[in-house]
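Notes for the one structure printed next.
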Amino acid sequence: MSPSAEATVGSDGPRQKGKATPDSLKVGCIAQVVKDGQPRRAEILSIKETKSGRQFYCNFDNFNKRLDEWVPVARIDFDQDVEWPNPEKDKQKDAKAKKTAVVPKKAPSKKAQKKVAKRDRELSVASDGQTPHPWTEFTESQRNKGDDADDKVNASLEIGGGTPDMGPDEMELDEDETPAGAAKKEREERAPSFSRVEEIEKLRTSGSMTQNPAEISRIRNISKVEFGRYVLFPWYFSPYPECFNQEDTIYIDEFCLSYFGDLKSFARHRQKCTLQHPPGNEIYRDEAVSFFEIDGRRQRTWCRNLCLISKMFLDHKTLYYDVDPFLFYVMTKRDQFGNHLIGYFSKEKESTDGYNVACILTLPQYQRQGYGRLLIQFSYELSKIEGKLGSPEKPLSDLGLLSYRQYWSENIVDLLLTNSERDERVTIEYIATQLSMTTQDVEHTLQALRMQVYHKGEHKIVVPEKLIKQREKSKTKQKRLIDPDRIQWKPPVFTASNRTWGW
């Protein structure tokens, strides 16, 4: 946290200050709470009673919401004045709630209901068309895709260049003077403004790509998890049974993923549990990791427990019960005790949108070690075997988006430079086919890296010197990679009863 950073909690106006006690401290108060050995300003969002005593859920000033945590009374400095909630604000909220109270109305006729339903459908279609894409530049290029399709087929590649300069005999056409340019300008005026600075600030403070206040504001219910030899501190709410909210620590078996509220029950379970690897088929193994394929319909309990774990670290995940329509690909590392869970991704057995990943997660203790890239690469290797173009399901979490952007960028630049050495021309469709990526993902990556330009009547792909140097530098680093020859897998075929519930 920067000392000069602007306060993000309690910024709704001046507040009354005064002394507080553990009993008088309430939701909405701002107190000094010890974090990382230093007292920091934090807002109390919730209070609960646990077996070890009362705990307060704190949102720390200028910290990512992932770092919100339950703290005991001992970490709150009651010698310092506490900022009390503004009573005037609460009164305004109550008055507003009374004003917006709805008076019961007479039920509308069937004819009126039909008219309303038709109007709602029209509004829904209109709103879908106006929803801004997270990557605005990419959508603008997609809107004119039909007009430019013939030009893109003949896209050429230039290495180490910048944006081409206009020649003396060339006339630069003002884009706004063309019908397409005028339409584009009109759309830009209607669309909400997009600020990269605002996007980064939202990511920093909320840790969420969904920006759904109802989902982000849910209070984390689990304080601490013992998972194998690691102690994990969840980031988000996960729908474990309500009785676990009162526990200081929950214990999860790292092999069968069963969860327990007390150490004695967990120790008794470990003496009886014989599972040492995920309950599925091992489809890949090398010196470092293994991959297991698990059918959500055959292993419902295990897959549901896996989803509960992943929900603690994914704020946008909503599906954790109906696992039947999904396959789970779990990555583990082996030792003398068994196969330890590193991460996983799931995919629909039949995806109408062509997604090759529905949910993807690397457990926190294994993050920033190259395992996320392995998961992404493995999902695309499976797409290559299927002969399909794949893309992850949207929206991605903030960390997932960063991982995919890096993977796409590295592979596209590597392919372009390889083809440049052979003096071969490439198209967006060629890149997509070679990497099993969708053309939308390829074009978005090119746009984000400022590699796609329009010059002399045709689209060109320019690889800047900066990206070439980054590629040379990355070659010197040792990376974890999937060996496609070691994959022992065939695309599964499912009947209608295999895909969903089969009672």
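Points worth noting:
- Test: residue in region 429-446 that is more than 26 Å from the chain's Cα centre (by Cα) and either of a type in the set (A, V, I, L, M) or within 22 Å of Pro484 (Cα to Cα) (or both): yes
- Cβ pairs under 8 Å, 6+ apart, first in region 67-87 and closer than 12 Å to Tyr57 by Cβ, second open to solvent by 70 Å² or more (accessible area, probe 1.4 Å) and in a loop (DSSP other than H, G, I, E, B): Glu69/Phe233; Pro72/Ser52
Conditions (1) open to solvent by less than 10 Å² (accessible area, probe 1.4 Å); (2) assigned to a helix (DSSP H, G or I); (3) among the hydrophobic types (A, V, I, L, M, F, W, C), marked per residue:
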{"site": "Val330", "(1), (2), (3)": "yes, no, yes"}
{"site": "Leu399", "(1), (2), (3)": "no, yes, yes"}
{"site": "Gln406", "(1), (2), (3)": "no, yes, no"}
{"site": "Asn419", "(1), (2), (3)": "yes, yes, no"}
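- The lone exception for Thr301 - which of (1) surrounded by fewer than 22 Cβ atoms within 10 Å (Cβ to Cβ); (2) among the hydroxyl-bearing types (Ser, Thr, Tyr); (3) not in a helix (DSSP H, G or I) it fails: (3)
- Single unsatisfied condition, Leu314 versus (1) open to solvent by 10 Å² or more (accessible area, probe 1.4 Å); (2) in contact with a Cys (Cβ under 9 Å, 6 or more places away or on another chain); (3) among the hydrophobic types (A, V, I, L, M, F, W, C): (1)
- Among (1) in contact with a Gly (Cβ under 7 Å, 6 or more places away or on another chain); (2) hydrophobic (A, V, I, L, M, F, W, C); (3) modelled with pLDDT of 95 or more - the single one Ile385 does not satisfy: (1)
Condition check ((1) assigned to a loop (DSSP other than H, G, I, E, B); (2) in contact with a Ser or Thr (Cβ under 9 Å, 6 or more places away or on another chain); (3) surrounded by fewer than 17 Cβ atoms within 10 Å (Cβ to Cβ); (4) in contact (Cβ under 8 Å) with a residue 12 or more places away in the chain) across all residues:
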site: Arg270; (1), (2), (3), (4): no, no, yes, yes
site: Thr274; (1), (2), (3), (4): yes, no, yes, no
site: His277; (1), (2), (3), (4): yes, yes, yes, yes
site: Glu287; (1), (2), (3), (4): yes, no, yes, no
site: Phe291; (1), (2), (3), (4): no, yes, no, yes
site: Leu308; (1), (2), (3), (4): no, yes, no, yes
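- Here region 356-384 is the region considered, the condition is being aliphatic (A, V, I, L, M) and in contact (Cβ under 8 Å) with a residue 40 or more places away in the chain, and the residue that is nearest to Leu232 (Cα to Cα) is Leu363.
- In region 248-260, residue nearest to Arg54 (Cα to Cα) [restricted to those that are open to solvent by 30 Å² or more (accessible area, probe 1.4 Å) and part of a loop (DSSP other than H, G, I, E, B)]: Asp248
- Among residues of region 341-384, those that are under 23 Å from Leu275 (Cα atoms) and in a strand (DSSP E or B), counted: 8
- Those residues of region 50-72 which are crowded, with 16+ Cβ neighbours inside 10 Å and in a helix (DSSP H, G or I), in sequence order: Lys65, Arg66
- Region 457-482 - residue that is of a type outside the set (Val, Ile, Thr) and more than 21 Å from Asn419 (Cα to Cα) and, of those, least open to solvent (accessible area, probe 1.4 Å): Gly457
The values are calculated or read from the model by the stated rules, or taken from the named source; none is laboratory data. Just so it is clear, the structure is predicted and the values come from calculations on it, not from any experiment. Here Cβ is always computed from backbone atoms with ideal geometry, including for glycine, and neighbour counts include all displayed protein chains. Ligands, DNA and RNA are excluded from the accessible area calculation, which covers all protein heavy atoms including side chains. Shrake-Rupley method; radii C 1.70, N 1.55, O 1.52, S 1.80 Å.
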